[in-house]
Each structure stands twice: as structure tokens, then as C-alpha cells.
Amino acid sequence: MMRRPTYALGAAIAVAAVVAPRPVAAQEDPAALIALIEKQPADLDRAAWKERRREAARKLIATGDKRAVPVMIRLAEGESFDIIGEIAIEGLGKLGDASAIPALERVAADNSRDRAQRDLARKALAKLGGKAPAATPTPPPAPTPPPDRVAAPPPADDGGDRDAFDGSATAPDPGEASAPPASDTGGGGHGVFGGGGRDAAVVGQPTWDDDVLAARESLTFAVGAASFDWDTVRERTSFVLDADSHYARRLERETMAWGVTADLDTLVGVLNPAGDASSRLVAITAAVEGEARFYGGPGVYGVGQVAIAPQLHYLSSVGNDGMTNVKDTRFVADAGLALGGGYGRVLDVGPRLRVQRLAAVLEDARALGRPIDDGLARRLQSTWWALRRDRTGYRQLTATVAILREAGVLLGEPDAGTTYELLEVLRDASFDVRPSGLDVQILFGESYLVRNNEDGDGLPDVPDGRYEQVMVRARAARQLGLAADAQAWLDARYRLFTPEMTATPWRAAVGGRFRTFAHGEHGELLGAFDVGAEAIVSSDGDANGMDEPDDIDLGAALVGELGWTWTLNRASSVRLGGEVRLAAKEVFIGLALTGSYGFLDAGFARSAP
């Protein structure tokens, strides 16, 4: 009798638990969500507000409140460069209000929109019983411009089907941008970059074949010394100029590669003291080298190299008596051809590292909508190549932002801080010439030397004529993240087929270098620190076994260097370096300050290391 009430009470609790209404989740306030969507709170920065705003849009749609419809319509039509626009388009289909049909029809018919947004609008229209408009026909092509202003269309995300070196496209001034068709732009937009993709297509923009691994072009001028001095007390005038220019271009394909480099160095010195004395010195050195490789298997290749290096030296010195004491003119020229084989290759992967850094900046700013894939990386690099003469970075920045927004990578308009960091990435010289890989080759070289002076005699110990040698070269390079790299090299050569009673010299050098780049708080490249070392061993050789061991001149040197480079722009810098050299049991210490100015730097790399 005592247990019945217990059973009755338990049954009552069980029934109540079944029939009682379950707890209801707290309802979101539509008015508060709308306020957050339409106005940035004072206590939130722009990046945080964008993220909160997207979440608020999702929650507002989930409430099903009719007040959400006009808000979503405004977002769907006006937010074409932020994922919140896609949230709104899809949400209008879920809200089920027919008043959204005209807005969705406009979005579906807008060819300036991303295809994903147009597809979402068609799906939403289907839910509302509307009819998706037919696709707008492609407008006829514009009249062909003059040959010196042919504009290449923006490359597709698959990388295109030809490259800038195949002669199939005219390459006018790449510093000018051309307006692409409306279907290739990013559409509307607001703010600094409101023109959307108007700069995404650029005159002279290359499209790279799928087998192109890397490409590079650069032109640099450097001044080692330049001074002019007029001494009014001693009545002496002096002038010194040491200038160098360097041009390089290289293209790497899967089955072949070619490259060419050219250097021109000019040294001029003039000294006019009081009286009849005077001195004049002019030295001009030029060098042109070319290489072609053909790969026949995994990493194995045959290689041919050609080089020519003429030099002209003029020296005149007049004493106080007005008579010529020294006047010497010499002409020197080297021409050579080398054939051989090798394994591997070293590629400049700097352009892909620049793309990685670009994505990292957007991710840190919470503005990365999706990863940058290979196709988009190709398109960015093609645009940078075409705009390589842009020294300020403005054109590169506007074109890059347009491309990223059009592809859905950049969410919305970047704020001032993000824009500044994007510009610094584009101007960052640390991503120029960033080698990666391993390359070993053996070459047989045939050279012809010309050594003449005004008397027609050869220079001492440097005979004219043919010179055969075998060369072994190796190079290894590795990228240590985005801000450091390391390299090592080996260069050895030995003379062959020496005439009777002629020495057989040889030389071997092995070395390495490490670099690390320093950046400011917002990505500014401050400079680079480098440290390197090289060991060199050489000999004048044995004259066909006629020399005694003590007569053979064997030399060795150990060189160490370190330096700091201040970066002025993409191809211009000032370097302060020190060197310590141990040779012939003597120590030499040197310090040098050098500067260089360059332009036309551009690169392409299919993949990152």
C-alpha cells in the first residue's frame, strides 16, 4: 500500500515529460540582425565586421522574417564582390517571397557577375516559380586596333595555350592597360577599386603553354664608382666612372630550355693635374652568352653553350715635359663553344612565392574567399609580366585586385591596411631570382683566344689560338620558406690536348651562400643579409711531365664574405659588403659599397618549391 503513490507519481512525471513542450531555442532579433548588416558597429574593425555581417545574414534568413526580403535584395544586387552577396541570393530562394523575382532575374542575366552567382540566382528563381532569363549573347568583337596596340585577352584559368616567346602575339608597350569586354570584368563594386576588372586584361600579356616551367627577364644597371673632382688649389681635374649593365632572359620548358645573358662594363678615368701631365684610361668589356638544353628523360639533358667576350683597353700617360711616356692599346677577345650533358635543373620559383605571400596577406586579413589555384596563379603572373615596367606598383595593384575579386578570392573591397600590404608584396624584391633545384653538368669546351697589342705581340703567359678544356659544374639551391634561401656550387675545369712542352692548368672552386630577408611590420622589405664562403684551388699544371714537383705553381685561396643590402625598389639596391681572403699565407680584408638600378624585371613559375 505504501508503494502505490510512488508508482503513480512516476507515471505522472513520465507522461508530463512526453507531452510537455520542449525548450525553445532563443529567437534571434531580426531588427538587430538587420542593423548589424547595414551599419558597421563602432567597436568592430572592418575585417571583423565583414565576418559578423555574413553570419548575421545567415541568421536573418533562418528566421524566415519577411523584413529580411528587402535586405537580401539589396545585398544580392549590390554585394557582387563579397560572399554575403551569394548568401543573400540563395537566401531569397529560401524565403519564398515572389517580390524577389525581378532582382534575381537581373542577377541571373548580368554577365559581369561570376558564374557561380548567376547559377545561384537561377536556382533561387526556380524555387520561387520564376523563369531564368536567357543568357545575354556575346557582343561582336571590337575592330582590330593598330598593330602597335594589339591587346591580348586575359588568359583563362587553365593557363592558356601559348606563351610570350612563340612569336604568335604582338608585344606592345606592356605598361598600358586595355579595357576587357564586360564579360571579363569583375562587374560593379565601390571604393578605390570600384572599376572591377577593368585592369585585369593588359596589353602584351602572355599566355603560358602548359609545358612552361619558368621564365625570367631582367635588365639592370650598376655603378661601382662615379666621381668628379675639381681642385682649384692644385689646379687638378679628375673623373672616374665604372658602370655595368646586365640583361638576362630565360625560358624553361619540360623538354627544352634556353637562355641568353649580355653584360657591358665601362671604366673611364681622367686625370688632369697642373702643367702638361695628363692620364687617360678607358676599358670596355662586353660578354654575350647563350645556352640551349634538350631533355630526353627524367632530368637528363644534352646542352650546348656559346660565348663571346671582347675587351678593349686604352691607356695614355703624359709627363710634365709634355712627352708621351706611356701609350698602350690592347684588344682581347674570347670565343667559345661547349657541348655536353647533365642532370636536373635549377628554376627561379620567386613568382610563385610571391603568389603564396599574396594569399597569406589576404588570409591574415580574413579576406581570402578561396585558395589561389594554379590557373589563377598563371593569370596573376602573366599580368605582372606585362606590367613589369610599372615602377610604382599602381597598375600592378589595381590589376591584381581586379583579378582576385573577379575570381572570388578577394572578399569585398580591401581596407587601407590590406591594400598597403598587397602593394608591398608586389614591390617586394626578395621574390626576384629565388632559385630552387639541383643541376649537374659535364662539358667539353673549345675556345679561341685573341691576344693582341699595338706591337702585335701576345700577352705574357697567355697564348693565342685554340684552347680545349673539360668542365664540371654543379649547383644546388633550396628555398627555406618565404624569407630565406641557401645555395651551393662547384666549378672545376682542366685543360686538354696541350701542345708539347706546354703546361696543363686546372682550377676547382666550391662554395655556398645563405640569404635571409628582413621585413617590416606590414610587409615592407627592409633588406637582406647574406653570408658566403668559397674555397679555390688552382695550378699552372705540368708541362707534359717535364716539371719537377717543386716547379709546379699550386695556389689555394679561402674567401669569406658577408653583406647587407638595402632595397630601394624591385631592381635597385645599395649593398655594403665585407670580404676576407686568405691566399699565399696572407690575409686580405676589403669593404665595398655598391649600388645598382634596374627595370624590366619579370618572372613566371609554374609551381612552387
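At-a-glance table
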quantity: Count - residues of segment 92-120 that are small (Gly, Ala, Ser) and more than 41 Å from the chain's Cα centre (by Cα); calculated: 6
quantity: Failed condition for PRO463, given (1) modelled with pLDDT under 90; (2) surrounded by 15 or more Cβ atoms within 10 Å (Cβ to Cβ); (3) part of a loop (DSSP other than H, G, I, E, B); calculated: (2)
quantity: Top-ranked residue of segment 379-401 - restricted to ones that are in contact with a strand residue (DSSP E or B) (Cβ under 9 Å, 6 or more places away or on another chain) and among the aliphatic types (A, V, I, L, M), ranked as farthest from ARG570 (Cα to Cα); calculated: VAL401
quantity: Close pairs from segment 526-540: first in contact (Cβ under 8 Å) with a residue 40 or more places away in the chain, partner not in a strand (DSSP E or B), Cβ under 8 Å, at least 6 apart; calculated: LEU526/GLY520; ALA528/SER430
quantity: Of all residues making up segment 262-297, the number that are of a type outside the set (A, V, I, L, M, F, W, C), touching a strand residue (DSSP E or B) at 6+ places or on another chain (Cβ under 9 Å) and over 23 Å from LEU337 (Cα atoms); calculated: 8
quantity: Segment 246-261, residues that are loosely packed, with under 15 Cβ neighbours inside 10 Å and of a type in the set (S, T, N, Q); calculated: THR255
quantity: Those residues of segment 29-46 which are part of a loop (DSSP other than H, G, I, E, B) and closer than 15 Å to ASP415 by Cβ, in sequence order; calculated: GLN40, LEU44, ASP45
quantity: Hits in segment 262-293 - residues which are loosely packed, with under 14 Cβ neighbours inside 10 Å and of a type in the set (A, V, I, L, M, F, W, C); calculated: ALA274
quantity: For TRP230: the one exception among (1) outside the structural domain of ILE308 (by TED's automatic domain parsing); (2) at pLDDT 70 or above; calculated: (1)
quantity: Test set (1) more than 16 Å from the chain's Cα centre (by Cα); (2) modelled with pLDDT of 90 or more - LEU422 fails condition number; calculated: (1)
quantity: Residue among VAL270, VAL260 that is at pLDDT 75 or above and closer than 24 Å to ARG330 by Cα; calculated: VAL270
quantity: Matching residues, segment 299-314, being closer than 12 Å to GLN441 by Cα, surrounded by fewer than 16 Cβ atoms within 10 Å (Cβ to Cβ) and not small (Gly, Ala, Ser); calculated: VAL300
quantity: Meets criteria (surrounded by 21 or more Cβ atoms within 10 Å (Cβ to Cβ), in contact (Cβ under 8 Å) with a residue 40 or more places away in the chain and over 28 Å from ALA48 (Cβ atoms)) for GLN381; calculated: yes
quantity: Test for VAL440: is it in contact with a Lys or Arg (Cβ under 9 Å, 6 or more places away or on another chain), hydrophobic (A, V, I, L, M, F, W, C) and under 30 Å from VAL472 (Cβ atoms); calculated: yes
quantity: Number of positions in segment 377-406 that are of a type in the set (A, V, I, L, M, F, W, C) and under 18 Å from TRP208 (Cβ atoms); calculated: 8
quantity: Output for segment 482-523, where each listed residue is part of a loop (DSSP other than H, G, I, E, B) and either of a type outside the set (Ser, Thr, Tyr) or in contact with a Leu (Cβ under 6 Å, 6 or more places away or on another chain) (or both); calculated: LEU482, ALA483, PHE497, PRO499, GLU500, MET501, ALA503, PRO505, GLY520, GLU521, HIS522, GLY523
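This table checks each residue for (1) more than 44 Å from the chain's Cα centre (by Cα); (2) at pLDDT below 90; (3) among the hydrophobic types (A, V, I, L, M, F, W, C); (4) in a loop (DSSP other than H, G, I, E, B).
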residue: MET2; (1), (2), (3), (4): yes, yes, yes, yes
residue: ALA11; (1), (2), (3), (4): yes, yes, yes, no
residue: ARG54; (1), (2), (3), (4): no, yes, no, no
residue: ALA88; (1), (2), (3), (4): no, no, yes, no
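The values are calculated or read from the model by the stated rules, or taken from the named source; none is laboratory data. This one's a predicted model, so the numbers in the text were calculated from it and none came from an experiment. Heads up, the Cβs are rebuilt from the backbone with ideal geometry, glycines too, and the neighbour counts pull from every protein chain shown.
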